[in-house]
Amino acid sequence: MFRKVLIANRGEIAVRVMRTLREMGITTVAVYSDADRTSLHVRMADEAEPIGPPPSAESYLRIDRILDAARRHGAEAIHPGYGFLSENADFAAACEDAGLVFIGPSAASIRAMGSKTAARQVAVAAGTPVVPGTSEAITLDEARKFAAEHEYPILLKAVAGGGGKGMRRVDRAADLESSFRNAASEAERAFRNPEIYVEKLIERPRHIEIQVLGDRHGNMVHLGERECSLQRRHQKVVEECPSPLVALHPEMRKAMGEAAIRAARAAGYYNAGTVEFLVDEKRRFYFLEMNTRLQVEHPVTELVTGLDLVRLQVEIALGSRLPFGQEQVGWRGSAIECRIYAEDPYNNFLPYPGKLTRLTRPLGPGVRLDGCVYDGWVVPVEYDPLLAKLAVWAETRDEATRRMIRALREYDVGGIRTNIGFFRQILEDEEFRAARLHTGFIDEFFVRGHPTAAPPELREVAALAASLYASASVSAGKPAGGSAPSRWLQSGREDLLR
Ligand code: MV4
């Protein structure tokens, strides 16, 4: 067993990983930037090491500083969490070179899946279905040829892609040239790689992903699917296990699970990973990409399978064999997760960090909260303002939905804005209840007439509150407005008072 593990991350996932490490009797080492000195992951760790100024490029992305921290504290392994360096092949390789175990897949697997065309080649070789398209970077002329053969609409994608950057839908030949140039220049800016490939566009797809888990001895299982169709600008909003579609067509789980394992095997994959699929309106599924890390939404899989994915990751990294086979994996009930953000759903989801002045957490039957906040904490502006993941479990999807609405009602966060109220609207939505989910759901949800602006009286309340606050500050001898507000807060307020 490892005696000490460093967590190369922050926020809720650092806290989540530490919880399991503590249960395993492993000493935890946190790293933190100057913006995170008071953050929960630092408070919770047994040991902690500063790694630089707030910008992640100077702290959480600094391989050298993180390895130094591991050396200084005598850590034997590093858990990368998600984001930051978690899918950086050079980091995985540098850990191994430094004699540290990277709790994740091999650098070679990360590299193979990092290129979307290389990943397609792996899937094709494995016999996993892919969307009709090219598995190599293409020129504008080749894109023209592809469109002539396969008809519009097509989708241009960045080879180095991810997150929808460098992606362009093209509906007619007249738009191809400008879309191609735009996609390439966006890809160049985002990934310093302008290469583009092309796929036939799938209309109103679902996004369903399969969790896989492999050991370093060639054993691999899948842990079923997660439905992640509810996204906004390529950010997942609500995730579920099981997928309501798969629940209706149970044979899909086996077919997609086996297809995912074939692709992962072909990449020589071990540890936890996720194979993403698009599912079209005829329920045909296509390999999209593979995420070579623990996913944000892993708790819904844990709730339904009863497994601890972080514990399994650590055991696999130690060289242990998977403690069960595919037949022993079972799924019970239904889990839903909402990503609770410090953001303003009434103002284009603008991040809204600031000081938490009030906090009541949801509790009770079937509720799991993976968070990193406490009363009085200031949500830093420098990072993704994810406050917590609220997940619930119940026997059925309908009961889980009601339970989530109940938990959201209990959740009270003061001082900042959150998307908690927005989730209540989504979970009460008829289309959501009927599980008619697809990747255009959130856009259509707003079109169906859900308010995208704060009610007018809220603006008056805010103006009153602001003037009361200003006069209270003046009489207390402080400059009006108190201490310097964050940039996000300021911009949020200005917008509100316009
Ligand atoms: C697609 C697609 C339709 N057809 N590929 C978006 C991010 C990137 N990882 C892949 N994405 C898509 N690829 C074809 N051939 C639609 C999307 C897509 C999407 C996929 C999953 C979840 C949400 C999405 C939102 C918009 C577009």
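What follows is calculated from the coordinates using simple rules that are stated; it is not laboratory data. Not measured: the values here are computed from a predicted model. Using ideal geometry, Cβ is built from the backbone for each residue, glycine included, and neighbour counts are taken over all protein chains shown.
A few comments on the model shown:
- Projecting label points 7 angstrom from Cα along Cα→Cβ for residue 281 and residue 361 puts them 4.4 nm apart.
- For segment 150-174, the residues whose amide N sits under 15 Å from a probe point set 7 Å from the Cα of residue 181 along the beta carbon direction are 174.
- Put a dot 7 Å past the Cα of residue 249, heading toward its Cβ, do the same for residue 150, and the two dots end up 2.1 nm apart.
- Neighbour counts of C-beta atoms inside 10 Å place 142, 76 in the sequence 142, 76, starting with the fewest.
- A Förster distance of 45 Å, applied to the separation of the beta-carbon atoms of residue 108 and residue 446, puts the FRET efficiency at 0.55.
- FRET efficiency for the residue 402 to residue 462 pair, using the beta carbon distance and R₀ = 30 Å, is estimated at 0.40.
- Mean residue ellipticity (222 nm) of the chain, computed from DSSP H runs ≥ 4 via -39,500 (n - 2.57), nearest 500: -11500 deg cm²/dmol
- Alpha-carbon centroid distance for the pair segment 71-87 / segment 270-336, whole angstrom: 21
- At most 12 other Cβ within 10 Å, DSSP loop - trypsin sites (Lys or Arg not before Pro), segment 306-347: 321, 332
- Once the Cα-Cα distance is subtracted from the 0.36 nm per residue extended length, the residue 189 to residue 258 segment shows a gain of 21.2 nm.
- For the listed residue pairs 4/116; 157/355; 200/254, the alpha carbons are over 28 angstrom apart in 4/116; 157/355.
- Estimated distance in nm for a label pair at residue 428 and residue 136, the labels positioned 7 Å out from Cα along Cα-to-Cβ: 5.6
- Each of 157, 389, 200, 145 was scored by other Cβ atoms within 10 Å of its Cβ. Listed from fewest to most, they are 145, 200, 389, 157.
- The relative contact order of the chain comes to 13 percent, based on Cα pairs under 8 Å that sit 6 or more residues apart.
- Per DSSP, loop GluC sites (Glu not before Pro) in segment 214-322 with at most 13 further Cβ within 10 Å: 281
- Euclidean distance between Cα centres, segment 383-454 to segment 1-50, Å: 30
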